[in-house]
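Before I ask anything, let me first share the structure, which is written out below as structure tokens.
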Amino acid sequence: MSSTPEPTVFERIAAREIPAEIVFESERVIAFRDIAPKAPVHLLVVPRTAEYRDVVELGAGDPALLQEIVATAAELAREHCDGQFRLIFNTGEAAGQTVFHVHAHVLGGTLPEGSLGTE
Ligand code: AMP
């Protein structure tokens with residue numbers, strides 16, 4: 001017997017079941033502000049599909065969709081800051097991933113020097 005998995009928080013945002021400040025939408029991608037920003041600009045770029053848990057699965061399963069996420073991140077960084085940004089895909093619980101629906105963090109604005117973290 002198979003059961004339908006619960007929708008992820010990001011699917012619920014895309015379906016307008018949970019409010020979010022959406023900054024971009026296309027047929028396959030949605031982007032919105034992170035609810036707990038770690039930088040002056042902190043956006044999440046997310047495929048509508050929840051099929052891929054992380055960037056490794058996405059890169060193997062649909063490289064064109066991964067490319068669209070990267071291109072969207074670059075375009076949003078041009079709109080929201082100076083076009084320079086840090087792109088983070090937390091991959092696995094030990095690496096800080098809490099939502100297992102692949103997403104890119106786009107961090108921009110003035111970021112701490114010499115740090116790869118988001119804290
Ligand atoms: P990660 O820890 O890499 O899985 O990232 C998940 C991110 O989703 C965190 O930075 C959260 O702050 C963010 N987040 C969780 N729920 C929401 C929400 N309802 N709206 C916007 N961002 C969210």
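Throughout, read-outs are computed from the coordinates displayed, never taken from laboratory work. Nothing here was measured: the structure is a model prediction, and the numbers come from that model. Neighbour counts run over all protein chains shown; Cβ positions are idealised from the backbone, glycine included.
Can you tell me how many residues in region 23-47 are in contact with a strand residue (DSSP E or B) (Cβ under 7 Å, 6 or more places away or on another chain), farther than 17 Å from His101 by Cα and either of a type in the set (Ser, Thr, Tyr) or free of Cβ contacts under 8 Å to residues at least 24 places away in the same chain (or both)?
0
Taking the options Ala20, Ala31, name whichever one is small (Gly, Ala, Ser) and either more than 11 Å from the ligand (Cβ to nearest atom) or within 12 Å of His105 (Cα to Cα) (or both).
Of the residues listed, the single one that is small (Gly, Ala, Ser) and either more than 11 Å from the ligand (Cβ to nearest atom) or within 12 Å of His105 (Cα to Cα) (or both) is Ala31.
OK, next. Name the single residue, out of those in region 63-88 being among the charged types (D, E, K, R) and buried (at least 16 other Cβ atoms within 10 Å of the Cβ), that is farthest from Leu44 (Cα to Cα).
This residue is Glu68.
Now a separate question. Going through region 90-114 one residue at a time, which ones are closer than 26 Å to Asp62 by Cα and out of contact with any strand residue (DSSP E or B) (no Cβ under 8 Å at 6 or more places or on another chain)?
Scanning region 90-114 gives Thr91, Gly92, Glu93, Ala94, Ala95, Gly96, Gln97, Thr98, Val99, Phe100.
Any residue at all in region 103-118 that is part of a helix (DSSP H, G or I) and exposed (fewer than 15 other Cβ atoms within 10 Å of the Cβ)?
Scanning region 103-118, I find no residue that is part of a helix (DSSP H, G or I) and exposed (fewer than 15 other Cβ atoms within 10 Å of the Cβ), so the answer is no.
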